[in-house]
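Please treat every number below as a calculation from the coordinates, not as lab data. Source: prediction; values computed, not measured. Backbone-built Cβ (ideal geometry, glycine too); neighbour counts: all protein chains shown.
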Amino acid sequence: MSRVRKAVFPVAGLGTRFLPATKAIPKEMLTIVDRPLIQYAVDECRAAGIEEFVFVTGRNKQVIEDHFDLAYELEATLEARGNKQHELGQTRAATIRTGNAIFTRQQQPLGLGHAVWCARPWIGNEPFAVLLPDELTLSTPGCTAELVNLHDRTGGSAIAVMDVPREQTNRYGIVAIRNDDGTVAEVTGMVEKPKPAEAPSTLSIIGRYVLLPEVFEHLERRDIGAGGEIQLTDAMARMIGHGPFHAMRYRGARYDCGNRLGFLEANVAVSLARPDIAAESRAVIESLLKS
Ligand code: G1P
């Protein structure tokens, strides 16, 4: 059995790119077809054998907690109707067992590194996953499951990466690697949002991590990095050389749902991939394209 049992979701962001939709609804609750983004991340963890979740939230995020709570009245109503077994199943699948979800607040917007640091009392001294729910990854067994498997083999930290065009390196954390077998490589360096000319490679971090708890010691320093924020990438960079650290090229589908086009693309892609609505979705999209 894997020792990776817990995951952290940094979900304190304001979601300004989706205003006005995100005035009263957290961006993580925007839906891809019929599931909120955050549930895809939770389900991805479950596929990796992870059942304990720490949500690092902010103001206006209470509805995330409600989403994963047991909805007693709703379930009782669906049950009484008799013909709502499917809907009941879907509702129950979105519930996290009592005691397995922690909601804690990042009180100031000090950066991703600080958000992850806020989860430390609940992680303790064990390896853990971090998922940025804006990034939707779809594959079998799943990006996090692949990282957990890699961690189980190496005993170290592991992050998922994908190639980006060089002119986009300033949007991502970028890694330097050696001993590349085409899928997995050792990480030798890491820099947050480097200019294209200064990037050590074009391999970008895609928001999926399995980290050793030592990362908290580095986050504790609260060093300020790119964009004036406490960066997770900087803390990870300091871990290199003190234990195994690998990058894994992720080959599944990935959508950046933090921007409108990526979000639209994800909705279309998931509609076309879902057996229950694929044929109808295709017909709707084809007819729209003809008009
Ligand atoms: C964060 C990370 C960055 C990573 C990116 C993936 O940046 O800091 O290293 O490449 O997520 O989406 P953000 O998009 O929050 O600026």
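Setting aside same-chain residues fewer than 8 positions from K195, which aspartates and glutamates have a Cα under 14 Å from its Cα? Counting by Cα, and skipping residues close in sequence, K195 has these aspartates and glutamates nearby: E167.
Remark on V8: its backbone amide H falls under 5 Å from those of V54, A129, V130, L131, a criterion applied only to residues 5 or more positions apart or on other chains, H modelled at 1.01 Å from N. Here is the tail figure for segment 138-263: Cα pairs spaced more than 26 Å apart come to 18 percent of all pairs.
If you count, for each residue, the other Cβ atoms within 10 Å and average over each peptide, how do 193-205, 234-246, 71-83, 133-145 line up from highest to lowest?
On the way: 193-205: 16.8, 234-246: 19.0, 71-83: 11.2, 133-145: 20.7.
Per-residue Cβ counts within 10 Å, averaged per peptide and sorted highest first, yield 133-145, 234-246, 193-205, 71-83.
Scalar couplings 3J(HN,Hα) for segment 19-26, obtained by applying the Karplus form with A = 6.51, B = -1.76, C = 1.60 to θ = phi - 60°, are 5, x, 3, 9, 4, 10, 10, x Hz; x denotes Gly and Pro.
Could you work out how far helix 143-154 tilts from the main Cα principal axis of the chain, as a 0 to 90 degree angle to the nearest 10? Tilt relative to the chain: about 40 degrees. Here segment 1-151 is assigned +1 on the Cβ of each Lys and Arg and -1 on the Cβ of each Asp and Glu. Its dipole about the Cα centre then comes out at about 360 debye. In order along segment 169-185, phi translates into HN-Hα couplings of 4, 6, 9, 9, x, 10, 10, 10, 9, 8, 6, 7, 9, x, 10, 10, 9 Hz, rounded to whole numbers, per the Karplus curve 6.51 cos²θ - 1.76 cosθ + 1.60 with θ = phi - 60° and x for Gly and Pro.
Any idea what the relative contact order of the chain is, in percent, if you count C-alpha pairs under 8 Å spaced at least 6 apart? Can you show the working numbers first?
Working: 528 pairs, mean separation 62.6, N = 291.
The normalised contact order for the chain reaches 22 percent.
In degrees, nearest 10, range 0 to 90: what is the angle between the Cα axis of helix 72-81 and the longest Cα principal axis of the chain? Long axis of 72-81 versus the principal axis of the chain: about 40 degrees.
For the chain, what is the per residue volume of the convex hull drawn over the alpha-carbon atoms, in cubic angstrom?
On the way: hull volume 46.2 nm³, N = 291.
About 159 Å³ per residue, rounded to a whole number.
Label sites at R59 and A283, each approximated as a point 7 angstrom past Cα along Cα to Cβ, lie 4.8 nm apart.
For S204, nonlocal amide neighbours, meaning residues 5 or more places apart or on other chains whose placed amide H falls under 5 Å from its own, are M162, D163, V164.
Could you compute the net charge surrounding R153? Neighbours are other residues with a C-beta less than 14 Å from the C-beta of R153; K and R count +1, D and E count -1. List each step's numbers first, then the result.
Values: positive: R3; negative: E146, D152, D181, E186.
It works out to a net charge of -3.
Quick one: angle between helix 278-290 and the longest Cα principal axis of the chain, in degrees between 0 and 90, rounded to 10, please. The helix 278-290 is inclined about 80 degrees to the chain.
Coordinate range of the alpha-carbon atoms in segment 133-196 per principal axis, descending: 34, 28, 18 Å.
Dipole of the chain, Cα-centred, from +1 at each Lys and Arg C-beta and -1 at each Asp and Glu C-beta, to the nearest 20 debye? If you can, show how the numbers build up before the last one.
On the way: 33 positive and 36 negative charges, 76 e Å.
The calculated dipole for the chain is roughly 360 debye.
The R178 and A76 beta-carbon pair, evaluated with R₀ = 51 Å, returns a calculated FRET efficiency of approximately 0.30.
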